[in-house]
Amino acid sequence: MSSSMQSSYLPATTESIAKAQEAKDASESISILYRVLEDPSSSADALRVKELAITNLTNYLTKENRAEDLRNLLTQLRPFFALIPKAKTAKIVRGIIDAVAKIPGTSELQISLCKEMVEWTRAEKRTFLRQRVEARLAALLLENLEYTEALTLLSGLIKEVRRLDDKLLLVDIDLLESKLHFSLRNLPKAKASLTAARTAANAIYVPPSQQGTIDLQSGILHAEEKDYKTAYSYFFEAFEAFSSLEDPKAIFSLKYMLLCKIMVNQADDVAGIISSKAGLKYLGPDVDAMKSVADAYSKRSLKYFETALRDYKAQLEEDPIVHRHLSSLYDTLLEQNLCRLIEPYSRVEIAHIAEMIELPINHVEKKLSHMILDKKFAGTLDQGAGCLIIFEDSKTEEIFPATLETITNVEKVVDSLYMRSAKIMA
């Protein structure tokens, strides 16, 4: 039992619950509720009051950030779970695990808590609850970048759930598998898992939050394939779903919508979306970050682009989806600017180009060498003199390809005549 528990129990009645709510501070309320749970009575009324006490105690412990006490509470309640229906047990267990998740910096604790509960549910033969806790554990492992363990867990779980045909859980697991394969850069498998999730979702009623998650993942996969217009429509659907539920994921959907507009060269539309009624609701660093990128892209300014990346590092660099697309956008923008600057020259100092483009010399030199290797232009770097030498494009005479084609056709005719003469001679 917890140290908060006292040896004298309180009767499991509504009066005891009211006493806990009227207590002068959270610690006293927690102490009273622990004592209510100690009541040995197992009548229907007492069990109902204890369920309410557990809910209130969970809320108090969450507000006080007492994650370890929540974990111990789950262990202490195991004898109580034997007295109530399995469905109620599942609801309480998942509620306490969700409560621990609300406390910051508890990812390791959540993983070990889920592993403990999986062992207990397996011993108690509570399949329904075990599968849901395992799905939660896989999601936590994915967040912690423990991909191998998450994939092993999901592979076994998905076969089991398919056999039981639990469609709602199947949607969750397929979505998780899609996210996992996407993190491992396996796009075909990520798409296959998402299709499986959609198929399962079409057969049942899916809550709006889950439908929003499916649309969000669809948008991410389409954006990865550079199909930004389709991705935008999925992000918009996800944004509407999350926005109506006031889900924090709405801001990510909006951020990815703005990213798609920038990627399809419609950066001017970003300001309009932000100033719309729906956009104004989510003003903050994430939206400001995308607005800065859109402004930099509209002005074709690498300096502003780099400033935006530096000022909003958490929103741009640390979001893997935004970072991946902005990296390719930055490279494209840099190449376009460099090609425009070197066009008038046959020989130019790298320092001069760096000064014009307002970027460090080593950065520019590295990019120019990549462009030469990728055959974006013909040239060479004279590092001794610190110069870029651009070669003239050697124009191919139009007659050469035509001559080659004629010779090829003549060869075919000669081969054909040879074959016929061979037949006649035979």
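Structure above, values below:
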quantity	calculated
Of all residues making up segment 31-79, the number that are open to solvent by 20 Å² or more (accessible area, probe 1.4 Å), under 20 Å from residue 11 (Cα atoms) and touching a residue at least 40 places away in the same chain (Cβ under 8 Å)	6
Among residues of segment 128-176, those that are among the polar types (S, T, N, Q) and in contact (Cβ under 8 Å) with a residue 24 or more places away in the chain, counted	2
Segment 282-302 - residue that is touching a Leu at 6+ places or on another chain (Cβ under 9 Å) and more than 21 Å from residue 319 (Cα to Cα) and, of those, most open to solvent (accessible area, probe 1.4 Å)	300
Subset of segment 244-260 [surrounded by fewer than 23 Cβ atoms within 10 Å (Cβ to Cβ) and within 19 Å of residue 289 (Cβ to Cβ)]	248, 249, 250, 251, 252, 255
Any chance residue 356 is in contact (Cβ under 8 Å) with a residue 12 or more places away in the chain, surrounded by 11 or more Cβ atoms within 10 Å (Cβ to Cβ) and within 26 Å of residue 291 (Cα to Cα)	yes
Out of 259, 221, sole residue that is farther than 25 Å from residue 173 by Cβ and of a type outside the set (Asp, Glu)	259
Matching option when the condition is surrounded by 19 or more Cβ atoms within 10 Å (Cβ to Cβ), touching a residue at least 24 places away in the same chain (Cβ under 8 Å) and over 25 Å from residue 243 (Cα atoms), among 223, 197, 190	190
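Here's the yes/no breakdown for (1) open to solvent by less than 50 Å² (accessible area, probe 1.4 Å); (2) assigned to a strand (DSSP E or B); (3) closer than 26 Å to residue 295 by Cα; (4) touching a residue at least 24 places away in the same chain (Cβ under 8 Å):
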| position | (1), (2), (3), (4) |
| --- | --- |
| 325 | yes, no, yes, yes |
| 332 | no, no, yes, no |
| 340 | no, no, yes, no |
| 384 | no, no, no, no |
| 388 | yes, yes, no, yes |
| 410 | no, no, no, no |
| 413 | no, no, no, no |
| 418 | no, no, no, no |
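The values are calculated or read from the model by the stated rules, or taken from the named source; none is laboratory data. Please read all numbers here as calculations on a predicted model, not as lab measurements. Ideal geometry is used to build each Cβ from the backbone, glycine not excepted, and the neighbour counts take in all protein chains shown. Keep in mind that these areas ignore ligands, DNA and RNA; they rest on the heavy atoms of the full protein, side chains included. Shrake-Rupley method; radii C 1.70, N 1.55, O 1.52, S 1.80 Å.
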